[in-house]
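Undergrad: Dropping a structure here in structure tokens format, bear with me for questions.
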Amino acid sequence: MHARLHALLFCALATILSVVALDAGAQSAAACDRACLQGFIDGYFTALSSRDPSKLPVAAEVKYTENGRVLALGEGFWKTAGAPIHYRDYVLDPETGGAAAFTALKEYDGIAQMFLRLKVTDRRITEIETIVARIGDQRWFAPETLEHLSDLFAQPVPAAERHTREELMAAANAYFTAVHTEGTPEFVQAPFGPGLKRFENGQQTTNVTSNPVLERHTWSPELQLERASYKGTQVMDRRFPLVDTEHGIALGLATFRREGPDTSTLLLAEIFKYTDGQLREIRAVILNLPNGAGTGWTH
């Protein structure tokens, strides 16, 4: 009897261990590391430039937005996109299965600046969020100046010096709050590092040393906010869906709104490089939308 009991217990234990092993193997197979996520981003742009969404491994209920509107996958920029050019800045977040990139693509005889965010679950794309900015869509537009990846964003942060996800998101939110409150008693300066450069659709808009579009573009970001250059801007619909702790990057999305019947809403995606407690560089894709427009997302 004891031998039989031991045999039964052994079989039960073996079954449990095999189930655990299979479950762990399934989770491992479903996980998507940095290389995997970058592959999804690169595959998206390959499919987009060939105008063939059938090449994408999407979930049945995939959600796709372009410039704040929900569209059927294959509509919008899928009808007109050309070859990628110049550069690609990545934000990769294996912890959440999120990936994003800033890039530019040809479109007929012009160039379109683009932001892309993907959510990957079980090796399938479940969310696609895009912003496509073209000449005339926003005042600042110079994607042809972005000849290569940003050295700062591409540089990993040593493991001992990395900030937490919460710290990276808080730094990005501090910038949004500083813009929102500038020129008011509630204003608190953002944690800018020395010489920080901000690029909006490829146009450098801080610390410009030659050929500035506006005088304020020659100023530091601290001085721009201290002088309330954007006073009255309400930073709404804030989200921070991706954090790349390995590279010290947070992705922030928001709308910039101003009061008045003739004003427009700015839809923007910004990536923030944050190390040693300071913001080091900011890059943004920005688009003018009709006043009151939203992002198409709530999370």
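Undergrad: Quote the charge dipole size of region 90-159 about the Cα centre in Debye, to the nearest 20; the model charges only the Cβ of Lys and Arg (+1) and of Asp and Glu (-1).
TA: Computed charge dipole of region 90-159: roughly 160 debye.
Undergrad: Using only Cα positions of region 57-193, each an equal point scatterer, no hydration layer, compute I(q)/I(0) via Debye at q = 0.10, 0.11, 0.16 Å⁻¹ and quote the log10 values to two decimals.
TA: -0.46, -0.56, -1.11
Undergrad: What accessible area per residue comes out for the chain, rounded to a whole number of Å², with a 1.4 Å probe? Provide the component values of the computation, followed by the final result.
TA: Numbers: 14330 Å² over 299 residues.
Per residue, the chain has an accessible area of 48 Å².
Undergrad: For A59 and C36 in one chain, what is 0.36 nm times their gap in residues minus the Cα-Cα distance, to one decimal in nm?
TA: On the way: separation 23, 0.36 × 23 = 8.28 nm, distance 1.66 nm.
That pair, A59 and C36, stretches by 6.6 nm at full extension.
Undergrad: Quick one: with all protein chains in place, what share of the accessible area of the chain is carbon or sulfur, to the nearest percent (1.4 Å probe)?
TA: Ligands and nucleic acids excluded, carbon and sulfur give 55 percent.
Undergrad: Name the trypsin sites (Lys or Arg not before Pro) in region 93-189 that are in a loop by DSSP and that have at most 14 other C-beta atoms within 10 Å, would you?
TA: R123, R139
Undergrad: Right, next: Could you give each residue of region 284-299 its phi-based ³J(HN,Hα) in whole Hz, using Karplus coefficients 6.51, -1.76, 1.60 with θ = phi - 60°, and x for Gly or Pro?
TA: 3J(HN,Hα) across region 284-299, in whole Hz: 9, 10, 10, 9, 7, 10, x, 4, x, 5, x, 8, x, 9, 10, 9.
Undergrad: Relative contact order of the chain, please, whole-number percent, based on alpha carbon pairs below 8 angstrom and at least 6 residues apart.
TA: Values: 621 pairs, mean separation 48.9, N = 299.
Relative CO of the chain lands at 16 percent.
Undergrad: Counting DSSP beta bridges with both partners in the chain, what percentage is antiparallel, nearest 5?
TA: Just about 85 percent of them are antiparallel.
Undergrad: Are there GluC sites (Glu not before Pro) in region 37-93 that DSSP marks as loop and that have at most 14 other Cβ atoms within 10 Å, and which are they?
TA: Taking region 37-93 and a limit of 14 other Cβ atoms within 10 Å, the loop GluC sites (Glu not before Pro) found are E75.
Undergrad: Here's another thing I want to ask about it. Testing the spin-label approximation: label points 7 Å from Cα along Cα→Cβ at E215 and R124. State their distance in nm.
TA: 5.8 nm
Undergrad: Please give me, ordered by residue number, the GluC sites (Glu not before Pro) of region 102-151 that lie in loop per DSSP and have at most 11 other Cβ atoms within 10 Å.
TA: E147
Undergrad: Dividing the convex hull volume of the Cα atoms of the chain by its residue count, what figure in Å³ per residue is obtained?
TA: That works out to 173 Å³ per residue.
The values are calculated or read from the model by the stated rules, or taken from the named source; none is laboratory data. Just so you know, these numbers come straight off a predicted model, no measurement behind them. All Cβ positions, even for glycine, are placed from backbone atoms using ideal geometry, and neighbour counts span all protein chains on display. What goes into the accessible areas is simple: the full protein's heavy atoms, side chains included, and nothing from ligands, DNA or RNA. Shrake-Rupley method; radii C 1.70, N 1.55, O 1.52, S 1.80 Å.
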